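Laboratory data are not the source of any read-out in this text; all were calculated from the coordinates shown. All values reported here derive from a predicted model rather than from experimental measurement. Cβ: placed from backbone, ideal geometry, glycine included. Neighbour counts: every protein chain shown.
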Amino acid sequence: MKIALCQVNTIIGDIEYNKTKILNGYRKAVKDGAELVIFPELSLIGYPPLDLVEKKEFRLAATKALFEVASQTEDAGLLFGTITEDDDNIGTDIHNSAILCYQGKMQFFQHKSLIPNYDVFDEMRYFDSAKNVYIHEFKGEKLGISICEDIWNDADYWYKQRYSHDPVKELIQKGASVIINISASPYSFSKRESRKNMLSVLSKTERVSLAYVCTVGAQAELIFDGASMCFDAEGNLVKLGKSYKEDYFIFDTKEKYKPVEKTEGSFEEETLNALIYGLREYCEKEKFKKVLLGLSGGIDSALVAYIAVKAVGAENLHVIMMPSKYSSEGSVTDSEKLIKNLGISSSNISIQPVVKETLKMLSAAVTEEPRKIVEENIQARIRGVYLMAVSNQFDYLVLTTGNKSEMAVGYGTLYGDMCGGLGVIADVYKTEVYRIAKYINRKKEIIPEEIINKIPSAELSPGQKDQDILPPYDLLDKILKMYLEENKEIEEITGIIGKSEVVNKVLRMVDNNEFKRRQAAPALRVSTKAFGYGRRYPIVQGWRR
């Protein structure tokens, strides 16, 4: 069977746009001789639709579009994802469904069986699971159609299964000769390789051809890398879609292909590409033409500036240097060197006069000597005021520049340096920021070495260094990664690295700063456990206090 995979970038809720994209892809594939044309999970409405599915008007529009798409099909099959409804008055009555259309109407549907409810997934809130799975005979093949999570429960691959039911195994037992999986699987580093290994084991073990089509695009925090995959019955990866781009290709299950070996680049390459793509997508889908950030002379803002240039172009980035009396000479000169290297526009506006006047005006309320933190936070918040004023004037999207290490322990000022619309590197640890910066400089110096070699400092008080409050970043990040991503607790972490007082302090800082993270800008997700709705902890709690 000739299967055309249409790896498309949809817009959540823009049903007309998505419908047109599906029909255009189908017509192209029909001209190219495809017998079956497949699109990703929920491609008609966009993924994830969240509470939009609870709106009756939205569901009616999706149903109307479904029949309009079906009416325009020919003999070639068209398989895509959308929502459908039951009327049994049990559960939500809404399904995440794969619809197969041909000859002008809907011929077959398969609901999603495994409804994920972990990390960034909250589908149990919206969808009922399938009661059964079915085979559909079409053009001499027995199609086993599944949706995303349905294929992530293979007992032959996973040491521990998340679900007791394996719908794909059931499809095989019912005689499926080709397995189709339509997916919207968010990216994190190494997940593409995990997909390849898992799907390879499945196709080899069951001796079936397999076509996996994944959505591409970014929806706020979630980045979808595409990289659709096809496997022969020997478990070889024989077709691989582009990463971070729409793609289209035909997989002939009867043809012999040369195996594809490489699916993923280095951590630095992949993470950088994902962040650039995530920012570009956010700007395009939210209609921001220009972006703005505060350039401090530190490595975090330097990296975000580089990412912004690659995402939207140097001509669409403006940076503001906002020195105070505590700013080192290098905070300006190093920034100016970066500005020249990137070819971007800039402003230099001192915050010191405003800080001085603010402290003076506060004297009526703050009658004693202000605490150190008062002046530090005033500086950060005045910078936030500057950035938002320029943003309001010119419709810039303000980018926050805090990294994951800082976000984890609350080393940032609400309504100050945390002020902005998107956290570009908020899922990148500080040590990873350095790795990516060095990767950027692998051929020539773009981020000045002075910035990379500088001792990290917020420069909010005399001689201030990050390590006055925090452990060294290499130690901090080891603790954070074990706690946040490996779900280890204090005894386990201490057993690995020692330093029980340091570990206890770091974990307390993480737990006690949920209130800050809850108010932070959305963070582009590139790890297995990012801050945001993928990690949900109570703000008011007594654990470890």
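Normalised by the residues of the chain, what does the relative contact order come to in percent, with Cα pairs under 8 Å and at least six apart? Walk me through the intermediate numbers first.
Working: 1082 pairs, mean separation 61.2, N = 545.
Once divided by the residue count of the chain, the mean separation gives 11 percent.
Eigenvalues of the Cα gyration tensor times 5, then square-rooted: what semi-axes does that give for the chain, in whole angstrom, largest first?
Details: eigenvalues 439, 120, 103 Å².
In descending order the semi-axes read 47, 24, 23 Å.
May I ask what percent, to the nearest 5, of DSSP beta bridges between residues of the stretch 86-191 are antiparallel? Intermediate results must be reported in sequence, preceding the final value.
Values: 10 of 15 bridges.
If I count the DSSP bridges inside the stretch 86-191, around 65 percent turn out antiparallel.
Relative to the longest principal Cα axis of the chain, at what angle does helix 352-362 sit, 0 to 90 degrees, rounded to 10?
So the inclination is approximately 80 degrees.
Longer than 30 Å from Cα to Cα, which of 256/529; 105/289; 239/310 are they? Say none if no pair is.
Flagged as over cut-off: 256/529; 105/289.
Could you run the Karplus curve 6.51 cos²θ - 1.76 cosθ + 1.60 with θ = phi - 60° over the stretch 26-36 and give me ³J(HN,Hα) per residue in whole Hz, x for Gly and Pro?
My calculation for the stretch 26-36 gives 5, 4, 5, 5, 4, 4, 8, x, 5, 8, 9 Hz in order.
Please list, in order along the stretch 85-102, the HN-Hα scalar couplings obtained from phi with the Karplus expression 6.51 cos²θ - 1.76 cosθ + 1.60 (θ = phi - 60°), rounded to whole Hz, x for Gly and Pro.
Karplus values, whole Hz, x for Gly and Pro: 10, 9, 9, 8, 6, 10, x, 7, 6, 10, 10, 8, 10, 9, 10, 10, 10, 6.
Would you mind giving the three semi-axes, in whole Å and largest first, of the ellipsoid equivalent to the stretch 396-444 according to its Cα gyration tensor?
On the way: eigenvalues 100, 39, 10 Å².
Taking √(5λ) for each eigenvalue gives 22, 14, 7 Å, largest first.
What do you get when you divide the Cα radius of gyration of the stretch 48-126 by 2.2 N^0.38 Å, with N the number of residues?
Working: Rg = 13.5 Å, N = 79, 2.2 N^0.38 = 11.6 Å.
That works out to 1.17 for the stretch 48-126.
Considering only DSSP beta bridges whose two residues both sit in the chain, what percent are antiparallel, to the nearest 5? Please list the in-between numbers first.
Numbers: 36 of 66 bridges.
The antiparallel proportion sits near 55 percent.
Give me D for the stretch 299-362 in µm² s⁻¹, whole number, from Stokes-Einstein with Rh from the Kirkwood sum over alpha-carbon pairs, 25 °C and 0.890 mPa s. Walk me through the numbers before you get to the answer.
Numbers: Rh = 12.9 Å.
Diffusion coefficient, whole number: 190 µm²/s.
How many angstrom separate the Cα center of the stretch 294-363 from the Cα center of the stretch 452-486?
What the calculation gives is 21 Å, centre to centre.
Taking H placed 1.01 Å from N in the peptide plane, check which residues at least 5 places from residue 223 or on another chain put their amide H under 5 Å from its amide H.
Amide H neighbours of residue 223, under 5 Å, 5+ apart: 187, 525.
Using θ = phi - 60° and the Karplus form 6.51 cos²θ - 1.76 cosθ + 1.60, what ³J(HN,Hα) does each residue of the stretch 129-135 get, whole Hz, x for Gly and Pro?
Those phi angles translate into 8, 5, 7, 8, 10, 9, 8 Hz.
Near residue 131, which lysines are there with a Cα under 19 Å away, not counting those fewer than 8 places off in the same chain?
112, 169, 174
Taking the Kirkwood radius as the inverse of the mean 1/r across Cα pairs, report the Rg/Rh of the stretch 114-185.
Numbers: Rg = 12.9 Å, Rh = 13.1 Å.
Rg/Rh: 0.98.
Just to confirm the filter: which trypsin sites (Lys or Arg not before Pro) across the stretch 81-169 are DSSP coil and have at most 15 other Cβ within 10 angstrom of their Cβ? All intermediate terms of the calculation are to be shown ahead of the outcome.
Numbers: sites: 105, 112, 125, 131, 139, 142, 160, 162, 169; in loops: 112, 131, 139, 160, 162.
Loop-located and lightly packed - 131, 139, 160, 162.
Tell me the angle of helix 430-440 to the major Cα principal axis of the chain, expressed in degrees between 0 and 90 and rounded to the nearest ten.
So the helix axis and the longest Cα principal axis differ by about 80 degrees.
Relative to the first principal axis of the alpha-carbon coordinates of the chain, what is the inclination of helix 473-484, with its axis defined by its Cα atoms, in degrees from 0 to 90 and to the nearest 10?
That helix lies at roughly 40 degrees to the long axis.
Quick one: in the stretch 396-545, what % of C-alpha pairs are over 27 Å apart?
Looking at the stretch 396-545, the distances longer than 27 Å represent 23 percent of pairs.
Taking the C-alpha atoms of the stretch 1-132, how large are the radius of gyration and the largest Cα-Cα span, Dmax, in Å?
That works out to 14.4, 44 Å for Rg and Dmax.
Okay, helix-only estimate at 222 nm for the chain: each DSSP H run of n ≥ 4 adds -39500 (n - 2.57), divide by all residues, round to 500 deg cm²/dmol; what do you get? Show your work: numbers first, answer last.
Working: 16 runs with 197 residues, N = 545.
That comes out to -11500 deg cm²/dmol.
Within the stretch 419-448, list the residues whose amide N lies under 15 Å from a label point set 7 Å along Cα→Cβ of residue 333.
From the stretch 419-448, the list is 448.
Is the C-alpha gyration tensor of the stretch 2-264 telling us rounded, prolate or oblate? Criteria: a/c under 1.5 is rounded; beyond that, a/b larger than b/c is prolate, otherwise oblate. Show your work: numbers first, answer last.
Numbers: a/c = 1.33, a/b = 1.16, b/c = 1.14.
Rounded shape, in that the Cα axes give a/c under 1.5.
Suppose a student asked you for the relative contact order of the stretch 2-264, using Cα pairs under 8 Å spaced at least 6 residues apart; what percent would you report?
Numbers: 611 pairs, mean separation 48.7, N = 263.
Taking the mean separation of contacting Cα pairs over the length of the stretch 2-264, I get 19 percent.
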